[in-house]
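Have a look at the structure below before the remarks.
The values are calculated or read from the model by the stated rules, or taken from the named source; none is laboratory data. The model shown is predicted, which means the values in this text are computed figures rather than measured ones. Neighbour counts run over all protein chains shown; Cβ positions are idealised from the backbone, glycine included. Each accessible area value is taken on the protein alone, full model and side chains, heavy atoms only, with ligands, DNA and RNA left out. Shrake-Rupley method; radii C 1.70, N 1.55, O 1.52, S 1.80 Å.
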Amino acid sequence: MPTVFDNIETPFLDGEDGNGLKQALKLAFRGDFCVGYFNLRGWRCIDTVVNEWPIPVGNGSPPPARLLVGMQRMPHDQLRSWLTDDPEKAPDNKQLTTLRKDAAAEFRKQLTIGNPTDADEAGLQRLVKQLKSGRLTVKLFLKHTLHAKLYLAHRTDPINPIIAYLGSSNLTLSGLKGQGELNIDVLDKDAAKKLHGWFEDRWDDSRCLDITQE
């Protein structure tokens, strides 16, 4: 039976007896996250765990952490045109570079919402290092608005290689520990594999914009 995490009786981040999201990530070697919203204070809850994951050597291996954000505001009409099904409206390389910069500028507003503190500044510096080192890749899913929340912890355990968490918590401080939510862990091997496939399909979508460098 799955564990229900509601942030009231059972906290999502820490769980009961250490069975929450953070402990699962500590036992993992990489993680995939799909959320509607993301901010720095939420990332600070798990960034020290991400720092412990090894960066793979060589091309073709996923980065330790992949973050897919689905509720991104589109910066201007040119990006909206790109999101249509008309291939003639797809941007060229120069236009795409501009779109990435504009989308990243909008994303930064979401990332740093609220009054900054010393802890926020330190967390931002850690985030910058993770982005520059290849430890974290960030993409914006722009094909349509995506409000899904999925966390995948990849492990070396052959019996249970992926632990999935599915529910309502965004990767924000309030979503992880500050407000009532409803999440469950998915321990069934086949179900977790299907959820991983769902993530990969969206991660590889042509309308998924990588803004890591920007």
Query raised in the report: Percent of accessible area on segment 93-207 owned by carbon and sulfur, 1.4 Å probe?
Result: 55
Query - Accessible surface, the chain, averaged per residue in Å² (probe 1.4 Å) - result: 52
Report summary line: Scoring only Lys, Arg, Asp and Glu (+1, +1, -1, -1) among other residues with Cβ under 11 Å from the Cβ of residue 11 yields -3
Query raised in the report: Translational D (Stokes-Einstein, µm²/s) of segment 97-192 at 37 °C and 0.692 mPa s when Rh comes from the Kirkwood sum over C-alpha pairs?
Result: 203
Report task. Give, as ranges by residue number, the residues of segment 166-189 whose backbone N falls under 17 Å from the point 7 Å along Cα→Cβ of residue 48. Result -> 173, 177
Query - Cross-link table 109/143; 26/101; 129/189; 22/194; 26/143, entries beyond 29 Å C-alpha to C-alpha - result: 26/101; 129/189; 26/143
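What is the extension gain from residue 27 to residue 213, computed as 0.36 nm multiplied by their sequence separation minus the C-alpha to C-alpha distance, in nm to one decimal? It would help to have the intermediate numbers written out before the result.
Working: separation 186, 0.36 × 186 = 66.96 nm, distance 2.83 nm.
Full-extension gain reported as 64.1 nm.
Could you state the orientation-averaged shadow area of the convex hull built on the Cα atoms of segment 1-58, in nm² to one decimal? Write out the running numbers ahead of the final one.
Numbers: hull surface 22.2 nm².
Seen from a random direction, the Cα hull of segment 1-58 projects 5.6 nm² on average.
At a Förster radius of 30 Å, what calculated FRET efficiency corresponds to the Cβ-Cβ distance of residue 188 and residue 133, to the nearest 0.05?
0.30
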Query - Euclidean distance between Cα centres, segment 13-64 to segment 110-177, Å - result: 7
Query raised in the report: Roughly how tilted is helix 93-111, in degrees to the nearest 10 and between 0 and 90, from the longest Cα axis of the chain?
Result: 40
**Report entry** Debye equation applied to the C-alpha atoms of the chain, log10 I(q)/I(0) at 0.12, 0.13, 0.19 Å⁻¹
**Finding:** -0.63, -0.75, -1.51
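Given a Förster distance of 35 Å, report the FRET efficiency between residue 95 and residue 71 from their Cβ-Cβ distance, rounded to the nearest 0.05. Kindly include the intermediate steps, with their values, before the conclusion.
On the way: r = 23 Å, r/R0 = 0.67.
For residue 95 and residue 71, the calculated efficiency is 0.90.
Using 0.36 nm per residue, how much length does the chain from residue 61 to residue 144 gain when fully extended, once their Cα-Cα distance is taken away? Spell out each step's value before the answer.
Details: separation 83, 0.36 × 83 = 29.88 nm, distance 2.72 nm.
Value of the extension gain: 27.2 nm.
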Report task. Restricting to the chain, compute how many DSSP beta bridges are antiparallel as a %, nearest 5. Result -> 65
Query raised in the report: Based on the Cβ-Cβ distance of residue 201 and residue 119, what FRET efficiency does E = 1/(1 + (r/R0)^6) give at R0 = 35 Å, to the nearest 0.05?
Result: 0.45
Requested in this report: Can you tell me the order of 117-127, 151-161 when each peptide is scored by its average per-residue count of other Cβ atoms within 10 angstrom, highest first?
Outcome: 151-161, 117-127
